[in-house]
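> First the structure, which I've put down as structure tokens, then a few questions once you've had a look.
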Amino acid sequence: MEGKTTKCKSESEAEIPSVPVIEFNPQLYRQRYQFVKDLVDLHEPKKVADLGCGDASLLRQLKIYPCIQLLVGVDIMDEHDLRWNGVKLQPFLGQFLMPRELDLTVILYHGSVVERDSRLLGFDLITCIELIEHLDPDDLARFPEVVFGYLSPSMVVISTPNSEFNPLFEVVTVRDLDHKFEWSRKEFQSWALHVAKTYNYSVEFTGVGKPPAGAESVGFCTQIGIFRKNGGKAAELCVSEQRDQHVYKPVVTISYPSLQQEKYLKTALVSEVWQEVASLRVEYLRGLKEQEEGRELGNQPDACSEAPILWFGPVFTEAGKARIEASSEPFSVKDKFFVPLQRLLAHPRLNHLGASEERMRSLIADSVTLSSDGSAVVTDLHDPPDDDPES
Ligand code: SAM
């Protein structure tokens, strides 16, 4: 926090020493998003829903997490605006070129968080960031039953303004005109403890937006409750009879490219195979040239030059090196260069794609030339074809 100083009074009217005008660094909303991202890092949830997702900024930051496979936003805002927010959730070009390992589906639903929709059952994490203070008393009363009682995710994160912090702002009664209430820590905690007890969750309180020196007693600017379901993971089977209750309107559905999808795995495999074959060919020709020069100079091959030539390329680990050493080496017959599929699969980048030799053979068969027994990629030793990126 930084800025000039001003004089404030706390809610209890106790005099607080001069404190800076409130400016958070990083900005408060960023601290809230970072808080959620840290939880995602720690718990690696697969299914995450952000209720009251607003302009989808948090979802945009969460979509890059490899563990998340289903990312859902729900909001009651104007449907057209919500659909427009989906544009920011589209994959980048780079995500087509280097697809994720696991599938990711992103969905934005138009609807109210106090309506039950079975498509949000069985989630690992549900976030409600600066949402509850926008609910009127009737909706606030229905909210726990829907989120904790019906959706029953493994973890719920709820953030809301801490009204005890408000006197530190220069002119504030409520922080946003749409807020139906702003709670003190005691008010939020007694609501949250009651909800946790009713629906068999535990709750831990924390926050973001530290108060300035001398005003620590007011607590964080944003108070946060982390609710964990007692007994662990959301049990999807228990709620199977409640499925097919579809109330929300899906306005955006995006499927991310991933290596689980055959067309992206194939593209990635073919591209890596071409690159690896090309670099192995260059290395192989260099080795041949060195042997040739050695012979011209009348040098007898010594133990070192007789040793098999190993083409490690960009090998990063001992395990990767060992895989390459154990695999069959590239070889040439007349003017053809052969790279065994086994050798290609030993390369870290190809190995990382996780395809078996059989699968790789069938996926690359129509994009490269294979040897008659299908065990190696064949290319010209000296004049690579036009579509070879090396040529
Ligand atoms: N969570 C977002 C963030 O932190 O950036 C947006 C917070 S914004 C202050 C509150 C959001 O809650 C708004 O987008 C509003 O439309 C949404 N909202 C309010 N009542 C809702 C309801 N009953 N169901 C779904 N969304 C609601």
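> Run down Glu283, Glu357 and say which single residue is modelled with pLDDT of 90 or more and touching a Gly at 6+ places or on another chain (Cβ under 9 Å).
After applying the criteria, what remains is Glu283.
> Just to verify a result, which residue in the stretch 75-105, among those that are hydrophobic (A, V, I, L, M, F, W, C), touching a Ser or Thr at 6+ places or on another chain (Cβ under 8 Å) and touching a residue at least 40 places away in the same chain (Cβ under 8 Å), is nearest to the ligand (Cβ to nearest atom)?
The residue in question is Leu104.
> Moving to a separate point now. If you take the residues of the stretch 54-65 that are open to solvent by less than 30 Å² (accessible area, probe 1.4 Å) and within 10 Å of the ligand (Cβ to nearest atom), which of them is nearest to Glu133 (Cα to Cα)?
Going through the qualifying residues, I end up with Gly54.
> Does the stretch 32-53 hold any residues that are within 15 Å of the ligand (Cβ to nearest atom), within 13 Å of Leu71 (Cα to Cα) and open to solvent by 40 Å² or more (accessible area, probe 1.4 Å), and which are they?
Matches in the stretch 32-53: none.
> Can you name the number of the only condition in (1) away from the ligand (no atom under 16 Å from the Cβ); (2) in contact with a Leu (Cβ under 7 Å, 6 or more places away or on another chain); (3) open to solvent by less than 10 Å² (accessible area, probe 1.4 Å) that Leu108 fails?
Looking at each condition in turn, Leu108 falls short on (1).
To keep it simple, each residue is scored yes or no on (1) within 26 Å of the chain's Cα centre (by Cα); (2) closer than 23 Å to Ser57 by Cβ; (3) open to solvent by less than 40 Å² (accessible area, probe 1.4 Å).
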site: Leu131; (1), (2), (3): yes, yes, yes
site: Phe143; (1), (2), (3): no, yes, yes
site: Gly149; (1), (2), (3): no, no, yes
site: Lys180; (1), (2), (3): no, yes, no
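> Another question, then. Does the stretch 131-154 contain any residue that is under 20 Å from Cys67 (Cα atoms) and more than 10 Å from the ligand (Cβ to nearest atom)?
yes
> Could I ask something else about it? Going by the structure shown, is Ser118 in contact (Cβ under 8 Å) with a residue 60 or more places away in the chain, small (Gly, Ala, Ser) and away from the ligand (no atom under 15 Å from the Cβ)?
yes
> Another one. What residue, among those in the stretch 314-333 that are among the polar types (S, T, N, Q) and surrounded by 12 or more Cβ atoms within 10 Å (Cβ to Cβ), is modelled with the highest pLDDT?
Filtering the stretch 314-333 for residues that are among the polar types (S, T, N, Q) and surrounded by 12 or more Cβ atoms within 10 Å (Cβ to Cβ), the one modelled with the highest pLDDT comes out as Ser332.
> Could you check, for the stretch 18-30, whether at least one of its residues is modelled with pLDDT of 95 or more, assigned to a helix (DSSP H, G or I), closer than 15 Å to Ile107 by Cα and open to solvent by less than 70 Å² (accessible area, probe 1.4 Å)?
The answer is no; no qualifying residue exists.
The values are calculated or read from the model by the stated rules, or taken from the named source; none is laboratory data. Model, not experiment: these values are computed from the prediction. Cβ: placed from backbone, ideal geometry, glycine included. Neighbour counts: every protein chain shown. Keep in mind that these areas ignore ligands, DNA and RNA; they rest on the heavy atoms of the full protein, side chains included. Shrake-Rupley method; radii C 1.70, N 1.55, O 1.52, S 1.80 Å.
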